[in-house]
Every structure is written in C-alpha cells, then in structure tokens.
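Novice: Just dropping this structure here.
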Amino acid sequence: KLSQGDEAGALKDFEEALRADPRDYAANFNRAELHWRAGRIDDALADYRAVMAAPKLTVEAALAVGDRYLSLQQWKDAVDAYGRAHDLGGGAASLARRAGAWEAAKDLKGALDDLDAAVKLDPGSAPILAARGALLARMGRERAALLDLMSAVRLAPSDPAVLIARAGFYARTDKPTLALEDFNAAIAADAANAEAYNGRGALY
C-alpha cells in the first residue's frame with residue numbers, strides 16, 4: 001500500500017499487524033520508518049521505543065533503530081539500542097557501533113572501552129582496529145593509534161575506509177606525503193569514494 005501511495009491504508013495494516021502479534025517488532029518498525037520519512041519525528045521515536053521493547057526484537061532491528069537514533073542525535077537512546085543489540089548476540093560489530101554513539105555523546109572513555117572489547121572479540125577486524133586507532137589519535141595517544149592503524153592496513157590494504165583513517169592520522173601529524181599516498185590508494189580502490197576525495201582536497 002505504501003508503494004501505491006496509500007499511507008492511510010498502510011497505517012491501518014500496521015495496526016492490524018500489531019493486534020495480531022503484539023510481541024513482534026516489525027509493524028512498529030515499519031510504521032516508525034514511515035513517520036521518519038514523513039518528518040513526524042515524535043511519532044517515529046515513539047514507535048522506535050516500542051520496537052526496542054518488543055519481546056521478539058532481533059539484532060538487526062536493534063542496530064537499525066540505533067542508527068536512526070544516531071541520525072536524530074538521540075545519543076543516549078543510540079547507546080542503549082546498540083547495547084541491546086550486543087546483548088542479543090550482536091558481537092563486536094554492535095560494540096563498535098555503540099562506541100560511535102559514545103563518542104558522539106562526548107564520552108571518549110566509553111567509546112574506547114567498547115572498542116577495546118570489540119578488538120578482543122574480533123582481533124582480525126580491520127575496520128574495528130581502524131576505528132580504535134582513529135579514536136586514540138583524537139585522544140592524543142599517537143603511538144598506540146599508529147599501531148592500530150598500521151595493523152588495520154596490513155589486514156585490509158585495499159579497504160578505502162581503513163586507508164582514509166590512516167591518511168587522516170598522517171595529515172594530523174604533519175606527514176602530508178604519507179597521507180597523500182593513502183588518499184590516492186583509497187581513491188584507486190574506490191573511485192567513487194567522496195570521503196577520500198574530500199580528504200585529499202583538504203590535504204592539497
């Protein structure tokens with residue numbers, strides 16, 4: 001019904017779905033997404049909270065709600081949603097996402113604690129190592145940051161996000177030649193990566 005532009009009919013069906021199985025999260029999630037796209041943020045938030053309280057909540061749904069909270073700058077709610085995803089078995093990825101929410105809330109210790117735990121769970125994850133390295137750099141811990149970033153690039157030498165993270169570190173620590181090499185490598189790996197072009201442009 002949504003694809004046919006029938007919002008009223010879609011909302012009615014979501015209500016019917018909730019009556020049929022109030023333990024499921026899907027109808028609340030779909031209705032929240034409808035409200036979110038329409039700019040009805042308070043209505044969307046109410047439904048996202050209902051999603052988080054649903055007994056049949058899944059890791060994927062909790063992560064998706066966390067992402068929406070993050071986009072709406074609801075930092076505490078995002079932290080809680082990612083934490084719930086971790087409790088449901090979300091593993092290192094959910095901890096890494098929660099670290100991002102902690103950092104957005106300006107709690108760098110909370111962010112680092114989660115990234116430390118994520119690295120212990122998945123020591124071979126280049127994105128998680130890169131994220132911890134970037135955070136350590138922002139905290140002024142340059143030696144530890146570089147160790148993580150070098151390890152991340154060794155694990156994933158063609159991953160644009162990992163290369164961009166190390167390039168950013170080099171740019172901030174007055175190593176423009178090394179930064180340029182990483183930005184160029186990121187662009188070679190993904191010619192449509194806006195972040196890499198933006199970083200290289202700023203470096204120039």
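The values are calculated or read from the model by the stated rules, or taken from the named source; none is laboratory data. Quick caveat: nothing in here was measured; it's all calculated off a predicted structure. Neighbour counts are summed over all protein chains in view; Cβ atoms, including those assigned to glycine, are modelled from backbone coordinates with ideal geometry. The area values use the complete protein model at the heavy-atom level, side chains included, leaving out ligands, DNA and RNA. Shrake-Rupley method; radii C 1.70, N 1.55, O 1.52, S 1.80 Å.
Novice: Per DSSP H run of n ≥ 4, the term is -39500 (n - 2.57); total these for the chain, divide by its residue number, and report the mean residue ellipticity at 222 nm rounded to 500 deg cm²/dmol.
Specialist: After summing the helix terms and dividing by the residues of the chain, the value is -24000 deg cm²/dmol.
Novice: Also, quick follow-up: Using alpha-carbon positions, what is the distance between the centroids of region 117-151 and region 9-47, in Å?
Specialist: 38 Å
Novice: So what are the ³J(HN,Hα) numbers for region 69-82, from phi and the Karplus equation (6.51, -1.76, 1.60; θ = phi - 60°), rounded to whole Hz, Gly and Pro as x?
Specialist: Once rounded to whole Hz, the list reads 4, 4, 5, 8, 6, 8, 4, 4, 5, 5, 4, 5, 5, 5.
Novice: For the chain, give the magnitude of the charge dipole about the Cα centre (Cβ charges: +1 Lys/Arg, -1 Asp/Glu; no others), in debye to the nearest 20.
Specialist: The dipole magnitude comes to about 520 debye.
Novice: Sticking with this structure for a sec: So for Ser151, Ser71, Ser3, what's the accessible-area order with a 1.4 Å probe, most first?
Specialist: Descending order: Ser3, Ser71, Ser151.
Novice: For the chain, what is the relative contact order in percent, using Cα pairs closer than 8 Å and at least 6 residues apart in sequence?
Specialist: 9 percent
Novice: Also: Nearest 10 degrees, 0 to 90: what angle lies between the long axis of helix 126-138 and the longest principal axis of the chain (Cα atoms)?
Specialist: With both axes taken from Cα atoms, the answer is about 70 degrees.
Novice: A follow-up question, please. What are the ³J(HN,Hα) values, in whole Hz, obtained from phi via the Karplus relation 6.51 cos²θ - 1.76 cosθ + 1.60 with θ = phi - 60°, for each residue of region 119-125 in sequence order, with x given for Gly and Pro?
Specialist: 5, 5, 6, 9, x, x, 8
Novice: What does the accessible area per residue of region 1-153 come to in Å², with a 1.4 Å probe and no ligands, DNA or RNA counted?
Specialist: Value for region 1-153: 51 Å² per residue.
Novice: Across region 42-47, in residue order, what do the Karplus-derived ³J(HN,Hα) couplings come to in whole Hz, using 6.51 cos²θ - 1.76 cosθ + 1.60 with θ = phi - 60° and x for Gly and Pro?
Specialist: Rounded to whole hertz, the list is 4, 5, 4, 4, 4, 6.
Novice: Which value, in Å² and to the nearest 10, is the accessible area of Ile41 when all protein chains are kept and the probe is 1.4 Å?
Specialist: For Ile41, the solvent-accessible surface is approximately 60 Å².
Novice: Further, regarding this structure: Given a 1.4 angstrom probe, I'd like the percentage of the accessible area of the chain that is carbon and sulfur, rounded to a whole number.
Specialist: Result for the chain: 52 percent of the exposed heavy-atom area is carbon or sulfur.
Novice: Could you tell me the relative contact order of region 111-204? Use alpha-carbon pairs under 8 Å, at least six residues apart, and round to a whole percent.
Specialist: 20 percent
Novice: Which Cα, out of Ala85, Leu63, Thr173, lies furthest along the positive dipole direction of the chain (beta carbon charges, K/R +1, D/E -1)?
Specialist: Sorting the options by dipole projection puts first Thr173.
Novice: Along the three principal axes, how long is region 1-151 when you take its alpha carbons, biggest first, rounded to the nearest angstrom?
Specialist: 58, 27, 25
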